[in-house]
Amino acid sequence: MTTTETARTADTQRTYDLDRSHVFHSWSAQGALDPMVITRAQGSYVWDDQGKKYLDFSSQMVNVNIGHQHPAVVQAIKDQADRICTIAPAHANDARSEAARLIAERAPEGLEKVFFTSGGAEAVENAVRMARLHTGRNKVLSTYRSYHGATSAAINLTGDPRRWANEFGNAGYVHFFGPFLYRSPFHSETQEQETERALAHLEQTIAFEGPGTIAAIVLETVPGTAGIMPPPPGYLAGVRELCDRHGIVYIADEVMSGFGRTGKWFAFEHYDVVPDLITFAKGVNSGYVPLGGVVLNNEIAATFDERVYPGGLTYSGHPLACAAAVGAITAMTDEGVIENAATLGEQVVGPRLATMAENHPVIGEVRGLGMFWALDLVIDRDTREPLAPYGGTSAAMGELIGAAKKSGLLVFSNYHRIHVVPPCTVTEAELTQGLDILDEVLHVADAHTTAGSNQR
Ligand code: PLP
């Protein structure tokens, strides 16, 4: 990769120094932070303040589905800013109306209304509120190995260690195990067994929690941050059936998996199920302006025809964010971005990662679809011991991520996994370039495996 590196300028040094003095960052002990200063972004690339160019295989927070600085989205925001920057949620506004139409048009039949939020956690928060009010029940079920956001209901639903420090006597959040054959909680050996046993486990959880107390089951269609685990055939249909049987609202959290990431507008389209509520954010406008929301089915929406919906946000349906959504959805449709993610995922990323798995003992499993892939990295293929502990990191992971960055590749990592999640607009040449780098730097991690240390 060609990179032109220059020294940090006085301006970018100031950016860095002010960040360290005044910016309080997410999910971090502040003392040890050393953030990259990003000065430019275009398409699948970003540049740091020393002119070094990186291929963005992270899409930042897996949100820049349309790539950086897409001209149609930038123009839509500029045009909207010239017309009207903001207006209260109570008023009708052309950008908001049009964004709602475009989203509802892509949702399944019978889901026609959109409640807008400023991001994913607020979407989950409001979906849970709607389900509770609609059913008159309190409890909400979600899986271990999930992420739903950092606000109160969303973090309590979350099934990863970030929840642990946020549990302050919140009642009514129950976790269960979703299907995950590679690390099966049910000792399954086939996908069929995993589906059957995971559904039996959920059925029992519902029975023991009391079906009449459960408002909703919240599921990431394809759990994202927790490891990109496409559900086995029949699992989501089984969840739908259990929800129908017990009058439980099925909330599909499509915040990360929606809007093209899996090669469809919504990931549940792969599994032939229709949820009652859909939460979305990220890819809806690629995060150019913060936006999220809930798509409601007609029955739940009708609950609030006469009854007041007791929820709202100053920025619900913010015109700049909605204009960005209109620009992004229109461009994604016109330019075949969803099809690009599906085709290149199937023809380029999947096969190449499978070949890498043959050559790198550190790769325990390759999972994914569209532009949504994970490498499950292990110390030993037989024991499947992860390359970093649950909720932690390791020297091996640090070296691997550092080597990728040095070679001009930004990756999304979580514990012992590397996720391959470039923009859905990525080209075949860019994918090959990034996968070549990944192939090369994985040798660094191979050295930490039992196979690698035996070779030394
Ligand atoms: N739900 C899922 C599946 C997510 O991946 C995320 C964020 O990564 C959220 C909810 C929370 O979204 P936000 O960070 O916009 O609040």
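Here are some notes:
- Across the accessible surface of the range 311-456, with the other protein chains kept in place and a 1.4 Å probe, carbon and sulfur atoms take up 52 percent.
- The accessible area of K139, taken with all protein chains in place and a 1.4 Å probe, comes to roughly 40 Å².
- 29 Å Cα-Cα threshold exceeded, pairs from K282/K405; K139/K282; K78/K405; K78/K282; K52/K264: K78/K405; K52/K264
- Distance between the modelled labels on D334 and E98, one decimal in nanometres: 1.1 nm (7 Å Cα→Cβ projection).
- Ranking G178, C85, M229 by Cα position along the charge dipole of the range 71-334, where only Lys, Arg, Asp and Glu carry charges on their C-beta atoms, puts C85 farthest toward the positive end.
- For the range 71-334, the orientation-averaged shadow of the C-alpha convex hull comes to 13.9 nm² (one quarter of the hull surface).
- Percent antiparallel among DSSP beta bridges (both partners in the range 71-334, rounded to 5): 40 percent
- The DSSP beta bridges internal to the chain are antiparallel in roughly 65% of cases.
- This model, with +1 at the C-beta of Lys and Arg and -1 at the C-beta of Asp and Glu, gives the chain a dipole about its Cα centre of some 980 debye.
- In angstrom, the C-alpha Rg and Dmax of the range 290-333 are 13.5, 37.
- Along the range 333-349 the Karplus relation, 6.51 cos²θ - 1.76 cosθ + 1.60 evaluated at θ = phi - 60°, assigns HN-Hα couplings of 5, 5, 9, x, 5, 5, 5, 4, 5, 5, 5, 5, x, 6, 8, 10, 5 Hz to successive residues, with x for each Gly and Pro.
- Straight-line cross-link reach from K53 at under 12 Å between alpha-carbon atoms covers these aspartates and glutamates, not counting any fewer than eight positions away in the same chain: E5.
- Ranking H22, Y45, V73 by how far each Cα lies toward the positive end of the dipole of the chain (charges on Cβ) leaves H22 at the top.
- Using the empirical formula 2.2 N^0.38 Å as the baseline, the Cα radius of gyration of the range 1-116 reaches a ratio of 1.45.
- A 1.4 Å probe run over the protein chains yields, for the range 71-334, 39 Å² of accessible area per residue, whole-number rounding.
- Pairs of alpha carbons in the range 195-285 whose separation is greater than 16 Å (percent): 53 percent
- Of the Cα atoms belonging to the range 83-135, the radius of gyration and Dmax stand at 12.8, 41 Å.
- Solvent-accessible area per residue, Å², over the range 356-433 with all protein chains present [probe radius 1.4 Å]: 37 Å²
- Largest first, the extents of the alpha carbon coordinates of the range 49-124 on the three principal axes equal 47, 32, 22 Å.
- For the range 329-384 and the range 30-81, distance of Cα centres in Å: 22 Å
- When restricted to Cα atoms, the range 100-160 yields an Rg and a Dmax of 12.9, 34 Å, respectively.
- P(r) histogram, all alpha-carbon pairs of the range 44-172 included - 5 Å bins from 0, percent: 2, 8, 11, 14, 16, 16, 14, 11, 6, 2, 0, 0
- Cα-based equivalent ellipsoid of the range 112-265: semi-axis lengths in Å, sorted from largest, via gyration tensor: 22, 19, 16
- Percent accessible area from carbon and sulfur atoms, the range 240-296, protein chains only, probe 1.4 Å: 50 percent
- Kirkwood Rh, Cα atoms: Rg over Rh of the chain: 0.96
- Taking one quarter of the surface of the convex hull spanned by the alpha-carbon atoms of the range 247-331 gives a direction-averaged projected area of 6.6 nm².
- Note on the range 312-456: percent of Cα-Cα distances in each 5 Å bin, starting at 0 and stopping at the bin with the largest distance, equals 2, 9, 17, 19, 15, 12, 9, 7, 5, 3, 1, 0, 0.
The values are calculated or read from the model by the stated rules, or taken from the named source; none is laboratory data. What you see is a predicted model, and the numbers here were worked out from it, not measured in a lab. Note: ideal-geometry Cβ built from the backbone for every residue, glycine included; neighbour counts use all protein chains shown. Surface accessibility is based on the protein's heavy atoms, side chains included, excluding ligands, DNA and RNA. Shrake-Rupley method; radii C 1.70, N 1.55, O 1.52, S 1.80 Å.
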